[in-house]
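Take a look at the structure set out below.
Computed from the coordinates by the stated procedures, all read-outs in this text should not be read as laboratory data. Note that the structure is predicted; figures quoted are calculated from it, not measured. Cβ sites come from the backbone with ideal geometry, for glycine too, and all protein chains shown count toward neighbours.
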Amino acid sequence: MLYINCPHCGMRSQNEFSYGGDASVKRPELNKEVSDEEWDNFVYNRKSLRGKHLELWQHISGCRQWIKVERDTATHAIFRTFKADEEVA
Amino acid sequence: MTQAFRIENGGLINRDKKLSFKFNGKTYFGYEGDTLASALLANGVHLVGRSFKYHRPRGFFGAGVDEPYAIVQLYRNGETEPNIKATEQELFEGLEAKSVNCWPSVNFDIGAINNFLKIFLPAGFYYKTFMWPKSFWYRIYEPFIRKAAGLGVASTKHDNERYEHKYEYCDLLIAGSGPSGLAGAYAAAKNGAKVILAEDKPRFGGSLLTSDVNIGNQSGKDWAQGIIAELKTMPNVVVKNRSQIFGYYDHNMLVMSEKVSDHLPATKKYHPNKRLWYIRAKEVLISSGSIERPIVFGNNDTPGVMLSSAAKEYLKVYGVLVGRKPLVFTNNDSGYETAIELKKHGVDSVILDSRKNPESEIIDEAKNLGINIKNSFVVVAAQGYKKVKSADIASISEDKKQLGKIENIQCDCICVSGFWTPTIHLASQSGNKTKFKEEIDAFVPGQSKQNEITLGAANGVFSLEETLKTSFTAGSELSKKITENDNKIAIPNVVEKKSSQHDKFWCVPLPKGKNYKRFLDFQNDVAVSDVEIALREGYRSIEHVKRYTTLGMATDQGKTSNLNGLQLVSEIENKVVPAVGHTTFRPPYTPVSIGAIVGREVGKHSKPTRKSPMHSWHEKNNAVFVDAGVWLRPRYYKKGNENLFEASKREAKNVRTNVGVCDVTTLGKIDVKGPDAAELLNRVYTNAWLKLPVGKARYGVMLREDGIVMDDGTTTRISENHYHMTTTTAQAANVLSHLEYYLQLVWPELNVNVVSTTEQWAGAAIAGPKSRDLLQKLFPNSDVSNEGLPFMGYMEGDLFGVKARIFRISFSGELAYEVNVESDYGNFMWEKIIEVGEEFNIQPYGTEALSTLRIEMGHVAGSELDGRTIPFDNALDGLVSKKKDFIGKRSLQRSAFIAEDRQRIVGVVPLDKQTSIPEGSHLVKDDKAPLPNPKLGHISASCWSVEYDNPFSLAILKDGKNMIGQKLFAMSPLKNKVIPVEIVSSHYVDPKGERVRS
């Protein structure tokens, strides 16, 4: 079971969180023309990476904040976590 | 029965407490502190079961978790449990156990015929034989295999035992209380670290309980007891016996199963049977020791052949002799230690050592005691069927290929030692890549992956002195990092006898003309010849060899067989062992009860039960409840002998003619507040929200980004920047997360807060033509006329002194209102509505009537919003704004979603107006068409229309828009029904929606 450092609450067990997928996906802006391909990429197409992956988790049984977690999909090592509005360098 | 094999004195058992127990129906006696195995051996019982495949007689091989043979069916306190290791089961008064895998009895087992058919049962037998003909599979092969497979029999009764889960955090978790674990725990505890020390056996001390060593001028056993006694007094230390750490998971999470009650005749009141500990440790010290491995020889599965360390443990811990004429067969000094202990108790053994002339202090001691030692000698085969009677022995050449002249010597047991295998399971599970250590012919942990360190025998270190030194140091260093204390511990001096190098020899060759079975895996009857077949047939990967031959599988997971299997594969393949590699060690290390894993999450405990504030009223008024997610909701209120159908019809009819009241507390409620609240709603819902005035409600549909309907509900503008959103009961939590996702991640610039208020409000829906009259009486000071409170209007009111919210919204399709009060006033509100409503013939109605009302109105609910439908499918396309953008809008342009013949909701009426259509039925054009009959749609919801007094259903039907008036068939193979039906509008009742506005 992962041990996730919530930037708001500190170290918490995985069972307090729910997974939210790839954090690098950007929603196309509202009211903007979007091609089929662009939209498909946003809604459906994800890379199944081996290695470092920036992903979203929600601290659903805690502060309810969505956070970004940099995790290795092969080893489950968590390198860094970020608040929703934090820039990931 | 006398305990003929119990020695006069000695052992750690309590001889003052005699216990009686039954094995295979016969009564025996043992002592408190015995295991079932030691007590049986004390009574001279060696035959405990039959083997898995050949049904060969099985005895005891080990004395602990590694035991491959002694699997019994246990009976305790009216219950039974299969696959219990007799070597682990502690004796209690009245214990009953039976042999498994034998019929009619362990002494005469018909399945043993397989032993003579073994030529037909080689590796892969099942795979090869049951391939054809295909039709035989279900009728003959599968039932046969099922009958033959498995060991014990699981109970079919409800398990009344209680199992608990516990979450714990510590600085240092220590797996195993042998010398390494004790030293590490002691040093860390002295530094003030929070320590958990886990031992799977009832007694602490590990190898110190049986070894002949001195630590700090005490015997090893006494030293261990002293350390444990001191640890137990320390507030920062938890010591747990009967507790097996069986899994090492990510981020230093380990799981431990504590057997709280298995050693007692019955579980004590309020105690669990087992407790599962989830332990998050900062550091982990793996001190799991090592397990002796056997040497492979002919008929090495005969009862009476056992590990030499087990024989020593039975003697030193339980005061039990495993035989009176033992033969010790060894390739290292451990066998000598056993022989020396036996000699001290007056039992003369013969030692066969595969080595030519080894020299060490231990060997010298054996020689001085006058023990008969034969060097370069091996056991070729054990003789005897249900018990060892003698052994064929022979000298062996230096290259270990040639046997000398075979002679037979009398013996009643063979104690075998093929050196030691470190227990690296936990380290390997942690992600540690193990490495092969040539000097000990076994794998040890390599570079640490998590915060774990493996020390002592588990790390391939068999010198006590070195083990203590490294473990004391590790305990100090690891704890110092955490507590920043540095209390120096003096490492005690150690007296131990030095050992000589073991012999790499592991398998005795077959003598000419003999075809003895030489077993590698005793639990699964995997012999050397089976592995040879697998390799001959092309299996190369050790993982494949394992699965084809079943080597290392089953309940012992090859604790005594894996390494010898690897040796064999590497020999045949002419590779070194590390190149072959070992199979993956996966949790659990030992079998764990399913009950322990499930814990308290059984039945109603698996989820919290949520009840509305009016629950007790419903109970008092004969409500029959239904689970709605985690909520309990009244399904109907039973009157007299009514059944569900009659009651719900009565309740629904009363709504259509008078007035009804329904508990709608369970609806999800979310407060949406802030200057940008309207903008958020406008983006979340498909319809327009920017111009909704204060005091008005609106129905909205929200989509996922893929265009699928996520949820629907009404949202009301309470004040300028305050909206009250409702969701369906089932989607409440998901909708809140959905809103939070967009507010926190996608549009953080929106100044809005959302919070769940589901539990803050109790809700009652008042529906029916007389609902306004009732409402007026409930709120005499409010103007609830059609003008004062029009359809989709909202106002606050005073309900006999309680502040209430009144919404004019309708799910039933009748003139209807929803009244909300703060939860604590819910019951007050409900009782007032019932009391005042009496003159209007009010009746409460449950979810069944609620469904009936919404179905015949064509209102969609969860059965239509099933995660596969878009607004069009639900005839909600009128609510989809063409002007503004919203979540999921772009997806609605997908070709499938705008297809001409897109599925759409319709009504379905059986032609005979009698037969109810089962939900889930398929709609087809031709009921006689060959299977698979093309499906045009499915029935999503069915009811008995109280308006027309005939069955009515909703369906999602391909090209539904153009199918009105068509005749189709509803087919339900499950219910074996074919019903001719007509397609009608989904708005079966009041299609113009006049009632809600009346």
Net +/- balance of residues flanking B:LYS344 in space, Cβ distance below 14 Å, scoring K and R +1, D and E -1
-3
B:HIS618, B:HIS158, B:HIS722 arranged by Cβ crowding within 10 Å, fewest neighbours leading:
B:HIS158, B:HIS722, B:HIS618
Within 14 Å, Cβ to Cβ, of B:VAL860, how many net charges do the neighbouring residues add up to if Lys/Arg are +1 and Asp/Glu are -1?
-4
Is the shape of the range B:668-845 best called rounded, prolate or oblate, per the rule: a/c under 1.5 gives rounded, else a/b larger than b/c gives prolate, else oblate, with a ≥ b ≥ c the square roots of the Cα gyration tensor eigenvalues?
prolate
Could you work out how far apart the two model spin labels at B:GLU96 and B:ASP912 are, taking each label as a point 7 Å from the Cα in the direction of the beta carbon, and quote it in nm?
5.5 nm
Over chain B, the quotient of the Cα radius of gyration and 2.2 N^0.38 Å is 1.24
So for the range B:223-350, Kirkwood radius off the Cα pairs, Stokes-Einstein at 37 °C and 0.692 mPa s: how many µm² s⁻¹?
178 µm²/s
Add -39500 (n - 2.57) for each DSSP H run of 4 or more in the protein assembly as shown, then divide by its residues: what number comes out at 222 nm, to the nearest 500 deg cm²/dmol?
-5500 deg cm²/dmol
Quick check: Cα centre of the range B:499-555 to Cα centre of the range B:934-998, how many Å?
66 Å
Among rounded, prolate and oblate, which fits the protein assembly as shown when a ≥ b ≥ c are the square roots of the eigenvalues of its C-alpha gyration tensor, a/c under 1.5 means rounded, and a/b larger than b/c means prolate?
prolate
Counted neighbours (other Cβ, 10 Å), sorted fewest up, put B:ILE371, B:ILE414 in the order B:ILE371, B:ILE414
Express as a percent, rounded to the nearest 5, the fraction of DSSP beta bridges in the protein assembly as shown (both residues included) that run antiparallel.
75 percent
Sorting B:ARG995, B:ARG50 on the 10 Å Cβ count, fewest up front, what's the list?
B:ARG995, B:ARG50
Efficiency of FRET from Cβ geometry, B:ASN976 and B:LYS925, R₀ 22 Å, rounded to 0.05
0.65
Using DSSP to call loops (not H, G, I, E or B), can you name the chymotrypsin sites (Phe, Trp or Tyr not before Pro) in the range A:1-80 whose Cβ has at most 15 other Cβ atoms within 10 angstrom?
A:TYR44
What are the residues whose amide H is under 5 Å from the amide H of B:SER921, where those residues sit 5 or more places off or on another chain and H is modelled from the backbone?
B:ILE939
Mean separation of Cα pairs under 8 Å and 6+ residues apart, divided by the residue count of chain B: what relative contact order is that in percent?
9 percent
Label point 7 Å beyond Cα of B:LYS504 along Cβ direction - residues of the range B:422-461 with amide nitrogen under 18 Å:
B:422, B:435-444
Can you give me the Cα centroid spacing of the range B:437-497 and the range B:820-880 in angstrom?
67 Å
Would you tally the net charge around B:MET253, using a Cβ to Cβ cut-off of less than 11 Å, leaving B:MET253 out, and scoring K and R as +1, D and E as -1?
-1
Compute for the range B:14-116: radius of gyration divided by Kirkwood radius, i.e. Rg/Rh, restricted to C-alpha atoms, rounded to two decimals.
0.97
Enumerate the amide H contacts of B:ASP200 below 5 Å, restricted to partners 5 or more residues apart or on another chain; note that Pro and chain-start residues carry no placed amide H.
B:SER177, B:SER243
Can you list residues from other chains, or at least 5 along the same chain, whose modelled amide H is less than 5 Å from the amide H of B:ALA442?
B:LYS437
Share, in percent, of DSSP beta bridges within chain B that are antiparallel, nearest 5:
75 percent
Rank B:TYR314, B:ASN574, B:ILE414 by how far each Cα sits towards the positive end of the charge dipole of the protein assembly as shown (+1 on Lys, Arg Cβ; -1 on Asp, Glu Cβ) and give me just the farthest.
B:ILE414
Efficiency by 1/(1 + (r/R0)^6): what FRET value for B:LYS22 and B:ASN493, r their Cβ-Cβ distance, R0 = 30 Å, to the nearest 0.05?
0.05
Do any trypsin sites (Lys or Arg not before Pro) in the range B:256-329 lie in a loop, going by DSSP, with at most 12 other beta-carbon atoms within 10 Å of their beta carbon, and if so which?
B:LYS268, B:LYS269
As a test of understanding, state the convex hull volume per residue of the range B:382-507 from its alpha carbons, in Å³.
174 Å³
Computed D for the range B:888-948, Stokes-Einstein, Kirkwood radius over alpha-carbon pairs, 25 °C, 0.890 mPa s, to the nearest µm² per second, is 171 µm²/s
For the range B:14-116, calculate the relative contact order in percent as a whole number, restricting contacts to Cα pairs under 8 Å that are 6 or more residues apart.
31 percent
Going residue by residue through the range B:819-828, the Karplus relation 6.51 cos²θ - 1.76 cosθ + 1.60 with θ = phi - 60° gives ³J(HN,Hα) values, rounded to whole Hz and with x marking Gly or Pro, of 10, 10, 10, 4, 3, 5, 9, x, 5, 4
Let me make sure I get this right: for the range B:881-998, a, b and c are the square roots of the gyration tensor eigenvalues over alpha carbons, sorted descending. Under 1.5 in a/c it's rounded, otherwise prolate if a/b > b/c, else oblate. Which is it?
oblate
Between the range B:397-417 and the range B:179-210, how many Å separate their Cα centres?
40 Å
Could you give me the ³J(HN,Hα) list for the range B:955-961, computed from phi with Karplus coefficients 6.51, -1.76, 1.60 and θ = phi - 60°, whole Hz, x at Gly and Pro?
9, 9, 10, 4, 6, x, 4
How high is the relative contact order of the range B:897-998, in percent, counting Cα pairs under 8 Å that sit 6 or more residues apart?
36 percent
Name the GluC sites (Glu not before Pro) in the range B:743-824 that are in a loop by DSSP and that have at most 15 other C-beta atoms within 10 Å, would you?
B:GLU749, B:GLU787
Spelling out what I want: for every residue of the range B:969-986, take phi, set θ = phi - 60°, compute 6.51 cos²θ - 1.76 cosθ + 1.60 (Karplus), and round to whole Hz; glycine and proline get x.
10, 9, 10, 10, x, 5, 9, 6, 10, 10, 10, x, 9, 10, 8, 10, 5, 5
Averaged across the residues of A:76-84, what count of C-beta atoms belonging to other chains lies within 10 Å of each residue's C-beta?
2
Approximate spin-label separation A:ASP72-B:LYS639, in nm, with each point projected 7 Å along Cα-to-Cβ:
7.0 nm
